[in-house]
Amino acid sequence: MKGVQNYTYDDVLAEVKTYISKEENLALIRKASDYALKHHEGQFRKSGEPYYSHLANVAYILASLHVGPSTIAAGFLHDVIEDTEITKEELAKEFTPEIAELVESVTKIGALKLQQKDDPEYQAKNHRKLFIAMAKDIRVILIKLADRLHNMRTLEFQSEESQRRIAQETLDVYAPIAHRLGISAIKNELEDLCFFYLDREEYYRIAHLVETKKAERDRYVQQMIVDISKLLTEEGIPFRIFGRSKHLYSIYHKMQERHKRFDEILDLLAIRIITETELNCYEILGYIHATYKPIPGRLKDYIAVPKTNMYQSLHTTIIGDEGKIFEVQIRTEEMDSIAERGIAAHWHYKEGSRYEAKKEQKEIEEKLSWLRDFAEYSDESEQDSDSQYMETLQKDVFEANVYVMTPKGKVVDLPNGATPIDFAYRIHTDVGHTTVGAIVNDAMVPLNTELHTGDVVEVRTMKGTGPSEDWLKFVKTNHAKNKIKAYFAKKENEGKSEKAQIGEKILADELKKRGFEPSEYMEKKRLEGLLGEYTLKSLIDLYYAIAVKSISPASVIEKLTNHRRIVTDSDLVDMINRDAKRRVPSKSGVYVPGISSMKISLAQCCMPVHGDDIVGYITKGEGVKVHRRDCRNLAQLQQRLIDVEWEENLDQKLYDASLVVLSHDRNFLLTDIVTVVSQNKVTMLQVSANLNQETLTTTIKLKVQVHNAEHLRTLMANIRKVDSVLSVERE
């Protein structure tokens, strides 16, 4: 890498004076410089230079972006809270609350480096903090970008391990932010510096290829410049024209992404034409296309439809002499300034005008609509894992390169492959939820239609409707996916609450039937004491389990009251009294207390498993049939019931159980459920599925073998966690 120029306060002042002349503004910058020099005295960088040199370089980078005096002052002071004893309050008193707030915000972002370097969530946490700060005040990020750029310029003094870590973080976090803010000058330099430290061998290889072709490339470019200059001069159009070179990382990235060789990258031969007005831009494009053959599909009009970082330009690719391919960019002076310095150029400090930071921030948010989305993502994703948050930003923001418009002309940026549903959720969550149709370029289209840059999109909504889970099969943005999933999760919770109310009533009715007062035994603390025995988290879970019959109310009542209900007839009582001391276990794993020998079998209507609350029914000629105490068939069998009990230590025995799973239909649903069954070490005996076309729901019936009721409850709980599953009940 080439040596980096080290800027001083005099350099900062010279750059500042190109657009700031008021003495009070210059005095503020001077005061900040002196303050930083004083309080960082005795501190040195790893290069051996005084720490102040870093602050002066950060201030110079900010000045080159033509930011306001408060931002430059904060650039000088950005490490004073972190690295000295100065507090935010002292800084506010010495300067202004505004400057103190900027410095503190930069300090908070910097504090992220205190985390473990190998923390897998480090990158996502970085993004989250940065975007929250950006959403509040864009100047914080400008200072942080300037800070990171100078740190990258002096990275050679760090250890090799630190070089790779910092370079990777910069490539993942800071370069994409610079790109989204349109500051290509910083973005390009950051990417090339990262490329150098992350893959030095490949960096030098690309640099060598570029240098080898440089003389030949310059000859072609200079000849094209002469030819186009002659053409435009004859037409009397004001212009300036020059060749431009691709930065190394951009060439490498295109080679990797498009699987192309070095000599296949089209825009290595690139020319930029700067003119006065938008009309001039289109005139120049017309003359060039009339003279040179354009390559179809390569014309991009970012003037009519600007990128969401405010970038505007006409791009076309033409075939010149000797069949050489040139990319030509045509833009105005203002567009060129914004292309290089992004928002810093559009809102550069204008001395004499009344400057208000809050007003500027509001204007920025109106221009950069995605900036509001960052704030929304950050607020809404507090419950998300950092990996989910990271994926949303990566897909929905950094990979967004399709630009569509609302009927009123607002530009909405989306990733490749995005659909009208993605568009609807970017407008508003409620718009997404209630979308029933889409019109693209005045034609009705299916909701899974792929959108393209320049499309005018309008969605039709209907109150009272909701999203379809089928949308998850084709939406591209994580934002839309998360909103759709959240909608169905909420609906499922509402359904669970309704079921829980039913379960609560079932338990109360059963207590009354047994002669107990529900208000006494259904006291909250008393019931919560049972949750651990059923591996449940809340009372709602307990009531829900009772409602769907995965836990019997009799079992709960027994634990609450320590009371077993014994229902016998007089003949059986006599039998028990005669043979009270003997019993013979049955193959079913169930015995009748006090009975030495009796035929006992499990009822197939309710299929009890070890641990269920059970009761025996004395049949005529078939011994005792064992039912779950909540079996519906027992309603007509109250006169011949008998207490029965499970044998102890029957973990090796397997019991059949039938489950009914209700779910929204989707691909691979059955595969996911079967996988869960296998993961829970449950034997699958039978499985069948039936689709209801009207409701687009699927009913899956499973016959499985489990060790006991706890084993079965765990299986049911895990099946309920499968995406799209609505309910799981024992049959």
Return yes when TYR292 is under 30 Å from ARG341 (Cβ atoms), in contact (Cβ under 8 Å) with a residue 12 or more places away in the chain and surrounded by 15 or more Cβ atoms within 10 Å (Cβ to Cβ) and no when it is not. no
Flagged pairs (Cβ under 7 angstrom, 6 or more apart or on separate chains; first in segment 419-430, closer than 11 Å to ILE484 by Cα; second part of a loop (DSSP other than H, G, I, E, B) and of a type in the set (Lys, Arg)) are ASP422/LYS476
Scanning segment 637-646 for residues that are touching a residue at least 60 places away in the same chain (Cβ under 8 Å) and either in a helix (DSSP H, G or I) or aliphatic (A, V, I, L, M) (or both) gives GLN638, GLN639, ARG640, LEU641, ILE642
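What residue, of VAL402, VAL457, is at pLDDT 80 or above and part of a strand (DSSP E or B)?
On the way: VAL402 fails: at pLDDT 80 or above.
Checking each option against the conditions leaves just VAL457.
Looking only at segment 673-700, count how many residues are in a loop (DSSP other than H, G, I, E, B), among the aliphatic types (A, V, I, L, M) and either more than 24 Å from ASP470 (Cα to Cα) or modelled with pLDDT of 90 or more (or both).
At the first step, the residues of segment 673-700 found to be in a loop (DSSP other than H, G, I, E, B) are 680-682, 693-696.
After this cut, where a residue has to be among the aliphatic types (A, V, I, L, M) as well, the list is 682, 696.
Now drop any that are not either more than 24 Å from ASP470 (Cα to Cα) or modelled with pLDDT of 90 or more (or both), which leaves 682.
Final tally of qualifying residues: 1.
Considering THR671, THR714, THR683, THR697, which residue is among the hydroxyl-bearing types (Ser, Thr, Tyr) and either under 26 Å from LYS537 (Cβ atoms) or touching a residue at least 60 places away in the same chain (Cβ under 8 Å) (or both)?
Working: THR671 fails: either under 26 Å from LYS537 (Cβ atoms) or touching a residue at least 60 places away in the same chain (Cβ under 8 Å) (or both); THR683 fails: either under 26 Å from LYS537 (Cβ atoms) or touching a residue at least 60 places away in the same chain (Cβ under 8 Å) (or both); THR697 fails: either under 26 Å from LYS537 (Cβ atoms) or touching a residue at least 60 places away in the same chain (Cβ under 8 Å) (or both).
Just one listed residue meets the conditions, THR714.
Within segment 701-731, how many residues turn out to be of a type in the set (A, V, I, L, M) and assigned to a strand (DSSP E or B)? Before the answer, list the steps.
In the first step, residues of segment 701-731 are kept if they are of a type in the set (A, V, I, L, M); the result is 702, 704, 706, 709, 712, 715-717, 719, 722, 725-726, 728.
Restricting the remaining residues to those that are assigned to a strand (DSSP E or B) gives 702, 704, 706, 725-726, 728.
Qualifying residue count for the region: 6.
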Is one or more of the residues making up segment 521-535 touching a residue at least 24 places away in the same chain (Cβ under 8 Å), assigned to a helix (DSSP H, G or I) and of a type in the set (S, T, N, Q)?
no
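Of the residues ILE421, ILE506, which is touching a Leu at 6+ places or on another chain (Cβ under 7 Å) and among the aliphatic types (A, V, I, L, M)? Explain how you work it out, then say what you get.
Working: ILE506 fails: touching a Leu at 6+ places or on another chain (Cβ under 7 Å).
Only one candidate passes the filter, namely ILE421.
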Within segment 205-243, the residues that are surrounded by 13 or more Cβ atoms within 10 Å (Cβ to Cβ) and closer than 30 Å to THR170 by Cα are ARG205, ILE206, ALA207, LEU209, VAL210, LYS213, GLY243
Reported set for segment 41-56 where residues are free of Cβ contacts under 8 Å to residues at least 40 places away in the same chain and part of a helix (DSSP H, G or I) is TYR52, LEU55
Only one of VAL624, VAL615, VAL609 is outside the structural domain of VAL725 (by TED's automatic domain parsing) and more than 52 Å from the chain's Cα centre (by Cα), namely VAL624
When every residue in segment 469-487 that is more than 18 Å from ILE427 (Cβ to Cβ) and of a type outside the set (A, V, I, L, M, F, W, C) is compared, the one surrounded by the fewest Cβ atoms within 10 Å (Cβ to Cβ) is LYS473
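Any chance segment 246-257 includes a residue that's closer than 13 Å to ILE271 by Cα and either among the hydrophobic types (A, V, I, L, M, F, W, C) or assigned to a helix (DSSP H, G or I) (or both)? So that I can check it myself, show each step before the final result.
First, the residues of segment 246-257 that are closer than 13 Å to ILE271 by Cα: 246.
Narrowing the set further to residues that are either among the hydrophobic types (A, V, I, L, M, F, W, C) or assigned to a helix (DSSP H, G or I) (or both) leaves none.
No; the residues of segment 246-257 include none that is closer than 13 Å to ILE271 by Cα and either among the hydrophobic types (A, V, I, L, M, F, W, C) or assigned to a helix (DSSP H, G or I) (or both).
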When LEU634 is run through (1) over 35 Å from the mean Cα position of the chain (by Cα); (2) assigned to a helix (DSSP H, G or I); (3) touching a residue at least 40 places away in the same chain (Cβ under 8 Å), the failure sits at (3)
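I need a count of the residues in segment 460-500 that are among the hydrophobic types (A, V, I, L, M, F, W, C) and not in a helix (DSSP H, G or I). Can you show your working first?
Residues of segment 460-500 among the hydrophobic types (A, V, I, L, M, F, W, C): 462, 471-472, 474-475, 480, 484, 486, 488-489, 500.
Then keep just the ones that are not in a helix (DSSP H, G or I); that gives 462, 474-475.
Count: 3.
Could you tell me whether SER550 is surrounded by 15 or more Cβ atoms within 10 Å (Cβ to Cβ) and under 18 Å from LYS721 (Cα atoms)? Spell out the reasoning first.
Working: surrounded by 15 or more Cβ atoms within 10 Å (Cβ to Cβ): yes; under 18 Å from LYS721 (Cα atoms): yes.
Spelling it out, SER550 is indeed surrounded by 15 or more Cβ atoms within 10 Å (Cβ to Cβ) and under 18 Å from LYS721 (Cα atoms).
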With the first residue restricted to segment 85-100 and required to be closer than 12 Å to LYS31 by Cβ, and the second required to be assigned to a helix (DSSP H, G or I) and not hydrophobic (A, V, I, L, M, F, W, C), Cβ contacts under 6 Å at 6 or more apart or on different chains are ILE99/SER70
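Starting from residues that are acidic (Asp, Glu) and at pLDDT below 90, keep the ones in segment 203-227 and report whichever is farthest from TYR292 (Cα to Cα).
Here is the first cut: in segment 203-227, the residues acidic (Asp, Glu) are 211, 216, 218, 227.
With the extra rule that they be at pLDDT below 90, the set shrinks to 211, 216, 218.
Values: GLU211: 28, GLU216: 21, ASP218: 19 Å.
Taking the candidates together, the pick is GLU211.
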Counted residues in segment 715-731 being surrounded by fewer than 16 Cβ atoms within 10 Å (Cβ to Cβ) and under 36 Å from the mean Cα position of the chain (by Cα) come to 4
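The values are calculated or read from the model by the stated rules, or taken from the named source; none is laboratory data. For clarity, every value in this text was computed on a predicted model and none was experimentally measured. As a convention, Cβ positions derive from the backbone with ideal geometry for all residues, glycine included, and neighbour counts pool all protein chains shown.
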